[in-house]
Amino acid sequence: MISQLSLIQQLAVWVVPVLLAITVHEVSHGYVARAYGDTTAYMLGRLTLNPVKHIDPIGTVLVPAIMLLLPGSFVFGWAKPVPVSFNNLRNPMRDMAVVAAAGPLSNLTMAFLWALLARLSMGLLKQGHLFFEPLLLMAIAGIYINIILMVLNLLPLPPLDGGRVLAGLLPGRMAMKFSRIEPYGFMILIALLVTGLLGWILFPLISLVLFVVLPVSGFAPQGFWQIIQILIQ
């Protein structure tokens, strides 16, 4: 296993997992919304795996690139949200929670799929097929970014998915009061990131999900984190 990557190598390893993670996440919202009665995303052409339709120039490209360039930094970013008209849903409050949960659940599914690919790649590497090393690194990156997106989006803070799930589960009046936080949610998230509190909140949750996912990959936590350090240093 190589001990250090160039910037070009880092970007090559991360680009496919990141684009897949955000694209499938957003498309999942749109497909579930369509199944529950809202065709807004479909009518706007957002039910596609073409990442160009979901890329936010700042949140998907600039911010993650800057975070990746900072040694040991927390990988952070966002995509263009798939539009959902909750009034079109058959049961707006209940269905809103289901639509919101679809994104993080898609990331969990992808984390398991990347874990399977990591196990396969490691097996081939042990057989001497060294050209599978980049694929292994990409699979490790895929596990990491999808778990981060899942856990981050499940935080109970509007407009994150977790905030929408919680709003959908709360009684009507309480849900309305809770939803008033949404205009300030992004600023709260940035403040948590800048102060370091976001990592402090997320790391135990990320570790918990890794405890479930990593056995599929065949990696022990120590080995996984060693590779992540190579990918972000």
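Mind checking whether some residue in the range 133-142 is in contact (Cβ under 8 Å) with a residue 40 or more places away in the chain, touching a Lys or Arg at 6+ places or on another chain (Cβ under 9 Å) and crowded, with 22+ Cβ neighbours inside 10 Å? Checked against the condition, which is being in contact (Cβ under 8 Å) with a residue 40 or more places away in the chain, touching a Lys or Arg at 6+ places or on another chain (Cβ under 9 Å) and crowded, with 22+ Cβ neighbours inside 10 Å, the range 133-142 yields at least one hit. Among the acidic types (D, E), modelled with pLDDT of 90 or more, surrounded by 14 or more Cβ atoms within 10 Å (Cβ to Cβ) and farther than 21 Å from I206 by Cβ: does that describe D56? No: the conditions fail for D56.
Of all residues being among the polar types (S, T, N, Q) and more than 18 Å from the chain's Cα centre (by Cα) in the range 104-132, which is surrounded by the most Cβ atoms within 10 Å (Cβ to Cβ)? Just the residue, please.
If we filter the range 104-132 for residues that are among the polar types (S, T, N, Q), which is where we start, we get 106-107, 109, 121, 127.
If we keep only those that are more than 18 Å from the chain's Cα centre (by Cα) as well, we get 121, 127.
Details: S121: 22, Q127: 9.
Among those residues, the one meeting the criterion is S121.
For the range 80-137, taking the residues that are among the β-branched types (V, I, T) and part of a helix (DSSP H, G or I), the one that is farthest from Y31 (Cα to Cα) is identified as T109. Among the residues of the range 192-233 satisfying the criterion of being under 18 Å from A115 (Cβ atoms) and among the polar types (S, T, N, Q), which is surrounded by the fewest Cβ atoms within 10 Å (Cβ to Cβ)? Out of the qualifying residues, it is Q222. Residues that are closer than 20 Å to L149 by Cβ and over 18 Å from the mean Cα position of the chain (by Cα) within the range 192-211 comprise V194, G196, L197, listed in sequence order.
The values are calculated or read from the model by the stated rules, or taken from the named source; none is laboratory data. This structure is a prediction, so every number in the text was calculated from the model and none was measured. Heads up, the Cβs are rebuilt from the backbone with ideal geometry, glycines too, and the neighbour counts pull from every protein chain shown.
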